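Here the structure is laid out as structure tokens; the discussion comes afterwards.
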Amino acid sequence: MSTIARKKGVGAVLWDYLTTVDHKKIAHLYLIAGGFFFLLGGLEALFIRIQLAKPNSDFLVGGLYNEVLTMHGTTMIFLAAMPLLFAFMNAVVPIQIGARDVAFPFLNALGFWLFFFGGLFLNCSWFLGGAPDAGWTSYASLALDSKAHHGVDFYTLGLQISGFGTLIAGINFLVTIINMRAPGMTFMRMPMFTWATFVASALILFAFPPLTVALIFLMMDRLFGGNFFNPAAGGNTIIWEHLFWVFGHPEVYILILPAFGIFSEIFATFSRKRLFGYSSMVFATVLIAFFGFMVWAHHMFTVGMGPIANAIFAVATMAIAVPTGIKIFNWLFTMWGGSIQFTTPMYYAVAFIPSFVMGGVTGVMLASAAADYQYHDSYFVVAHFHYVIVGGVVFALLAGTHYWWPKMFGRMLNETLGKITFWLFFIGFHLTFFIQHFLGLTGMPRRVFTYLPNQGWETGNLISTVGAFFMAAATVILLINIVITTAKGEKAAGDAWGDGRTLEWAVSSPPPVYNFAQTPLVRGLDALWVEKMEGKKELTPAEPLGDIHMPNPSFLPFVMSFGLFIAAFGFTYHQETAWGLPVGIIGLLITFGAMFLRSIIDDHGFHIHKEEVLEFEKKEANA
Amino acid sequence: MANQTNSGNERIDLMYRRRKNAEEMRHQVIAFVLMILLTLIAFAAVGYEEFSHWFVIPFILLLAGVQVAFQLYYFMHMSHKGHEFPALFMYGGVLVMLVLVWAFSTVIWW
Amino acid sequence: MHVEEKLTAETFPAAPERATLEGKNKFLGFWLFLGGETVLFASLFATYLALKDKTNGGPSAEELFQMPLVFMMTMLLLTSSLTSVYAIYHMKNFDFKKMQLWFGITVLLGAGFLALEIYEFYEYVHEGHKFTASAFASAFYTLVGTHGAHVTFGLFWILTLMIRNAKRGLNLYNAPKFYVASLYWHFIDVVWVFIFTVVYLMGMVG
Amino acid sequence: MNKGLRNWRLFSLFGMMALLLAGCGKPFLSTLQPAGEVAEMQYSLMLLSTAIMVLVIVVVAIIFVYVVIRFRRRKGEENKIPKQVEGSHKLEIIWTVIPIILLLILAVPTVSATFKLADVKPMNDKNRDKDTVVVNVRANLYWWEFEYPDYGIITSQDLVVPTDEKVYFNLIASDVKHSFWIPAVGGKMDTNTDNKNQFWLVFDQEATDKAGGIFYGKCAELCGPSHALMDFKVRPLPRAEFDAWVEKMQNAKKPVVTDPVAKQGEAIFNKSCIGCHAVSPVDQRPEQARTAPNLANFADRETIAGILEHNEENLKRWLKDPEGVKPGNKMTGTYGQLTEEQLDALTKYLMSLKVE
Ligand code: HEA
Ligand code: HEA
Ligand code: CUA
Ligand SMILES: [Cu+2]
């Protein structure tokens, strides 16, 4: 029986995905789930914009608006942007470093399912009384005050569960990159996207524990009578703000660094040039991450920390502009002297530069503490972060989707539709968010569900809403593109764009389960490019062809995550129902039981035999 | 401390390794004795009423720091080869810890 | 080398926990996890420091804590750290029986610690120091309780490993597992060193 | 491609100019029309930083446009392999040093302004000058209370301050966190539940006149369903008028109602409303007891509940269904359904509550 290629029925495919530990399939799962949540978050954004299109509108009033707003921010950051980045990390990083899989395939699956069930739990709130409504930052005093329904409990427990998943994914990538690099793949030969993944994972490792702790506190206060944030009993709400932003600021770099990584790959590929200033790019990435931990309080300038703290954090924040600038100029000079091919991914990469710089420089304006007293909690901030997030992260996700789609699924996306998507999205993006700078400057606070007429905000808001619909149209066309090309798209070659430089383009599209029949020997930066320039078609192998060891699939990751999902319901309702506590305990028992099973059942994986590999490779070569 | 040898002769290797392990174990026992001692001193310093807070608190914190270093470097072998990344990330964690503690004891007020 | 291969003292590698790729990964991954745990406990400690005087009229640290009990707990846990070092020492010497024995002692000492901690909490609650009493109480129980939960988890983990592998002895599949479990145990001790210093001793100083 | 891109950028530039020409928002609300020392300090920081940022954008844009046009792959270059350049130390240094300089130019005035704005020494002086105006601001779910500790008076919703001098503020919140913001006059500061914040503002007389005598204040921290509607108004007065106002407030007697309908209203009020609302500006009750806006000078206000235009119709609307006006407000459901007659009476009564 061949373990590599088999035709299967729907049920078998489903079971395959539920139990898979293959990083490429987990990438598919992340892409699908993250994509779904992006549509959800986008839909919520549309609702926001519809409500704000005109003054005094009553489409989403009061508490309901706050729920949509909170869920938009939370969904986009935790359930869309990060998982989509994980999708590309999973699909690409192991192959880029010449590995057969990640370090912990089982944990990789566990990470995904935790994220998925956490997100599912969070969104169950819509049907169970109401979603969280205290903003994605869930500041403690309001989060404790809004006890009319369980919204905020869904936030604390849902994010807790998906947060564990993220932490696991982070550790997994760190170990993969440190331990599993192919021979010759030194740190300073790693592709930029791998570097970005590495650094972002380190950020995850240090940034998520404070969030975990903050969420524990909030859960204790809301569900178990704790007093962390209750001033009457000696508590202090500012603790939440600090813990949240100690996590929250690195979080935005967790999002943007991989985005930078994606663009670095694209710039090099479509300029046919190696990345300009590679080592300073690496250095800048590390520096951004390092600074990222010293600046969190720039979100709290108006809290009243005093001028000394404000001044320190202001200056530290500004410093981040320097390494980021280094990157911007290195990208420009990667293109300089290159032979630029304007494919869809390159469109996004090129558009990213002015868009992101605009967002970045408004960030530096925000860092000017005394001036931030004006900007803070106004639409100027909304404009800033959508410029960096949409102009940076979302552009990168769209670019990555077009760039790696052929690698992940074996078919090219349609370029014409891709470019239409780009233009609609690009125009819509600037239309939506540029004007918001001025809304903020003319006094419009953020997180308002409505505004009164005659304050000078009508036109701006209307334009902004129109822009959002452009982005929606773009998204719809992307979906159409996917459907059409999946049905009858052009088959992608291994080196789908013809100019691939890194190892993922050396294997077939989609890659075989084992990635490399023989682990390659890496002989320089841009390993594939090096070989191509020497006129070779294939990589230099570092080992003889032999049996390949593969990890076993397992259903346990799903069960463990499902247990926490059940437990979360129990604890949410344990105060007012009799079944709450038992259900909570049963859920935990399911999880710990599955962990126990994992611990006592040996898992040695299996081998794909040399002959099978050979057979498969031959088929690929002929195809 | 390199613990890997290759004399080619397994018996000799084994003896060498055993000796190495025993020697290391001895160091660890010494570390343990010191740790107990440090703990005793810390408890005694607190129990002894004469010392002022200003002395005792930094002093016992210092003792704790030394003890933790013993744990990490002797018991957990962080000085051994192959522990570069563990050390890097532990120090990273410690750095974040220092920043956090600094912030929580200065910019949260009542 | 296959991971389940029966080994002899001679063929058993010097660093069995890192002899296979799986072992290496587990070893490194676990260390990184401890880096994250450091930040987790740092957040708990920082919060505790910020809230430790907010007793809301309830008993204060100075009134609650008793030196002898804490001292006993400390000794138990410190000693258990040494016994787990012994266990790993014997693992390196490919002496499965002794390793099991020392891990067994470690578990017993850990259980003793846990029993004392439960007794301690029980006493406190009786003195009106309930979790819900004040910000200080919440911070105290969450910090010390999280540590206690780690101890509990560590106990079950080591016990499971001991029972699961009792029959088959040491090999390169389970050596890394024993090794990281012992790392975990040491880390618990590291945290305790800070807890007895920062929470108990500093609390008693006032 | 890049042609379209260029057109687009040109277009957005024009858009920006048009916006600037259209005026920088409303004078009573816009941070771009600073109406006092604080806002001006911040405005000049904004201008400085904008200038630096525009410079950065322009430099990037120039290189960007040049690169994208000059180095596109042309027909016949399908097989061209460009030179693989590793990097350039000289360039690296340039684009490290220049941004550092630009940032220093921004950092110095930032730090200096931050310290200036935090200088609240005069209000904390043991024996502070009688003329130093201090206002205790207390933010509550969707309404603001302003207490003048030196004068022993309390008002709400409308803040009255003297112009052309420093006014100091103590800021707290009684339920959840809010943030006190008068965009035209200066940046915001949070009202926390845990502690008291302090800052100062100056209200410029000329700018006040230009703004029509009133500035808009906003709550700038998400605080619940009606966060959007937690507005207040600021009425800066020349010092003499301010003093006169204070005196009137201090001497305001319990309102004497003569009109029979209003008398009826007073009766209802004393039965259903007085538990929360005070009608004397000299309210001696402790903070916790003051759970609703002080209505002593209700009829002098700019708005009802902070957002509705001040007229009888709106007052009735508010009293009849506060929830319909401000979702989640704390007055909803605290008194029974009011009949048309009762509404008329209450309206009459409330509209007679004046001190000026
Ligand atoms: C991907 C996400 C992302 C990224 C990359 C950034 C990047 C930056 N952010 Fe942003 N930020 C957010 C996401 C992000 N931010 C979010 C989500 C919020 C709001 C959260 C909330 O409240 O809900 C926020 C809020 C926020 C605030 C708080 C505002 C407030 O609430 O009052 C501040 C203040 O300092 C800030 C600053 C910065 C700075 C200085 C950078 C820098 O890293 C930018 C650096 C880049 C450049 C400067 C451009 C390129 C550089 C050059 C071309 C060199 C030359 C430049 C100069 C000399 C200036 N951000
Ligand atoms: C990754 C992060 C991310 C992303 C990508 C976005 C994307 C968008 N955001 Fe969001 N936003 C945040 C993160 C993000 N946002 C955060 C953190 C906040 C702060 C929250 C808070 O204050 O707590 C915020 C707040 C926020 C506000 C401020 C609200 C307020 O303060 O009151 C606004 C208003 O315009 C807005 C708009 C948009 C728009 C128009 C998009 C667009 O780019 C979206 C484009 C996508 C689409 C339009 C999808 C199209 C969907 C379909 C076509 C549906 C098809 C459906 C099916 C097939 C089922 N966002
Ligand atoms: Cu009060 Cu927003
Ligand atoms: Cu930030």
Filtered residue count, the stretch A:127-149, keeping only those that are without any contact (Cβ under 8 Å) to a residue 24 or more places away in the chain and part of a helix (DSSP H, G or I): 3
Condition check for A:GLY292: at pLDDT below 95 and within 16 Å of ligand 4 (Cβ to nearest atom): yes
Among the residues listed as A:GLY158, A:GLY135, the single one being of a type in the set (Gly, Ala, Ser), farther than 18 Å from A:PRO551 by Cβ, within 14 Å of chain D (Cβ to nearest Cβ) and touching a helix residue (DSSP H, G or I) at 6+ places or on another chain (Cβ under 7 Å): A:GLY135
Yes/no for A:VAL252 being outside any loop (DSSP other than H, G, I, E, B) and either closer than 20 Å to A:PHE356 by Cα or within 16 Å of ligand 3 (Cβ to nearest atom) (or both): yes
Any hit, the stretch D:196-217, residues being within 12 Å of ligand 3 (Cβ to nearest atom), under 15 Å from the mean Cα position of the chain (by Cα) and under 25 Å from D:ASP119 (Cα atoms): yes
Those helices (runs of 4 or more DSSP H) lying entirely in the stretch A:281-378 with at least 1 residues closer than 21 Å to D:LEU47 by Cα, within 21 Å of the chain's Cα centre (by Cα) and assigned by the TED database to the domain that holds A:LEU203: A:344-367
Residue satisfying condition, being crowded, with 18+ Cβ neighbours inside 10 Å, more than 9 Å from every other protein chain (Cβ to nearest Cβ) and either within 16 Å of ligand 2 (Cβ to nearest atom) or modelled with pLDDT of 90 or more (or both), within set D:VAL279, D:VAL176: D:VAL279
Matching residues, the stretch C:167-206, being within 22 Å of C:TYR86 (Cβ to Cβ) and among the small types (Gly, Ala, Ser): C:GLY169, C:ALA175, C:ALA181, C:SER182
Some residue of the stretch A:314-336 being within 18 Å of A:SER280 (Cβ to Cβ), facing chain D (nearest Cβ under 7 Å) and touching a residue at least 60 places away in the same chain (Cβ under 8 Å): yes
Number of positions in the stretch D:202-226 that are within 16 Å of ligand 2 (Cβ to nearest atom) and touching a strand residue (DSSP E or B) at 6+ places or on another chain (Cβ under 6 Å): 5
Matching residues in the stretch D:89-132 - criterion: being outside any helix (DSSP H, G or I) and surrounded by fewer than 14 Cβ atoms within 10 Å (Cβ to Cβ): D:ASP119, D:ASP125, D:LYS126, D:ASN127, D:ASP129, D:LYS130, D:ASP131
Residue satisfying condition, being modelled with pLDDT under 95, out of contact with any strand residue (DSSP E or B) (no Cβ under 9 Å at 6 or more places or on another chain) and more than 16 Å from ligand 3 (Cβ to nearest atom), within set A:GLY359, A:GLY337, A:GLY325, A:GLY363: A:GLY337
Selected residue (criterion: surrounded by the most Cβ atoms within 10 Å (Cβ to Cβ)) from residues of the stretch A:288-306 that are in contact (Cβ under 8 Å) with a residue 24 or more places away in the chain and more than 13 Å from A:VAL246 (Cα to Cα): A:PHE301
Those residues of the stretch A:257-283 which are small (Gly, Ala, Ser) and surrounded by 24 or more Cβ atoms within 10 Å (Cβ to Cβ), in sequence order: A:ALA259, A:GLY261, A:SER264, A:ALA268, A:SER271, A:GLY277
Qualifying helices (runs of 4 or more DSSP H) (wholly inside the stretch D:236-323; at least 2 residues being farther than 17 Å from D:LEU346 by Cβ and either among the charged types (D, E, K, R) or under 26 Å from the mean Cα position of the chain (by Cα) (or both)): D:239-251
Count of the stretch A:337-376 residues which are in contact (Cβ under 8 Å) with a residue 40 or more places away in the chain, in contact with a Ser or Thr (Cβ under 6 Å, 6 or more places away or on another chain) and within 16 Å of ligand 4 (Cβ to nearest atom): 4
Failed condition for A:PHE342, given (1) at the interface with chain D (Cβ under 7 Å from one of its Cβ atoms); (2) farther than 27 Å from D:VAL85 by Cβ; (3) surrounded by fewer than 23 Cβ atoms within 10 Å (Cβ to Cβ): (2)
Matching option when the condition is within 16 Å of ligand 1 (Cβ to nearest atom) and more than 22 Å from D:ALA39 (Cα to Cα), among D:LEU222, D:LEU229: D:LEU222
Helices (runs of 4 or more DSSP H) within the stretch C:113-206 that include 1 or more residues within 21 Å of B:ILE60 (Cβ to Cβ) and at pLDDT 95 or above: C:135-165, C:175-194
Unique residue being out of contact with any Phe, Trp or Tyr (no Cβ under 6 Å at 6 or more places or on another chain) and within 16 Å of ligand 1 (Cβ to nearest atom) when the list is A:ILE77, A:ILE32: A:ILE77
Any chance A:ALA87 is within 16 Å of ligand 4 (Cβ to nearest atom) and either closer than 25 Å to A:PHE193 by Cα or not assigned by the TED database to the domain that holds A:ALA148 (or both): no
Output for the stretch A:45-86, where each listed residue is of a type in the set (Gly, Ala, Ser) and more than 16 Å from ligand 3 (Cβ to nearest atom): A:ALA45, A:ALA53, A:SER57, A:GLY73, A:ALA80, A:ALA81
Subset of the stretch B:44-72 (residues that are more than 25 Å from B:ILE30 (Cα to Cα) and either buried (at least 18 other Cβ atoms within 10 Å of the Cβ) or of a type in the set (Asp, Glu) (or both)): B:GLU49, B:GLU50, B:VAL56, B:ILE57
Residue pairs meeting the criteria (Cβ under 6 Å; at least 6 apart or on separate chains; first touching a residue at least 40 places away in the same chain (Cβ under 8 Å) and under 22 Å from A:GLU265 (Cα atoms), in the stretch A:474-499; second among the small types (Gly, Ala, Ser) and part of a loop (DSSP other than H, G, I, E, B)): A:ALA492/A:GLY410; A:ALA492/A:SER509; A:ALA496/A:SER509
Test result for A:LEU441, closer than 26 Å to A:ALA134 by Cα, within 14 Å of chain D (Cβ to nearest Cβ) and away from ligand 3 (no atom under 16 Å from the Cβ): yes
Selection status of A:THR432, more than 11 Å from every other protein chain (Cβ to nearest Cβ), buried (at least 23 other Cβ atoms within 10 Å of the Cβ), more than 16 Å from ligand 1 (Cβ to nearest atom) and part of a helix (DSSP H, G or I): no
Residue, surrounded by the fewest Cβ atoms within 10 Å (Cβ to Cβ), within the stretch D:137-165, restricted to residues that are free of Cβ contacts under 8 Å to residues at least 60 places away in the same chain and either outside any strand (DSSP E or B) or away from chain A (no Cβ under 14 Å) (or both): D:PRO149
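The values are calculated or read from the model by the stated rules, or taken from the named source; none is laboratory data. Note that this is a predicted model, so its numbers are computed, not measured. Heads up, the Cβs are rebuilt from the backbone with ideal geometry, glycines too, and the neighbour counts pull from every protein chain shown.
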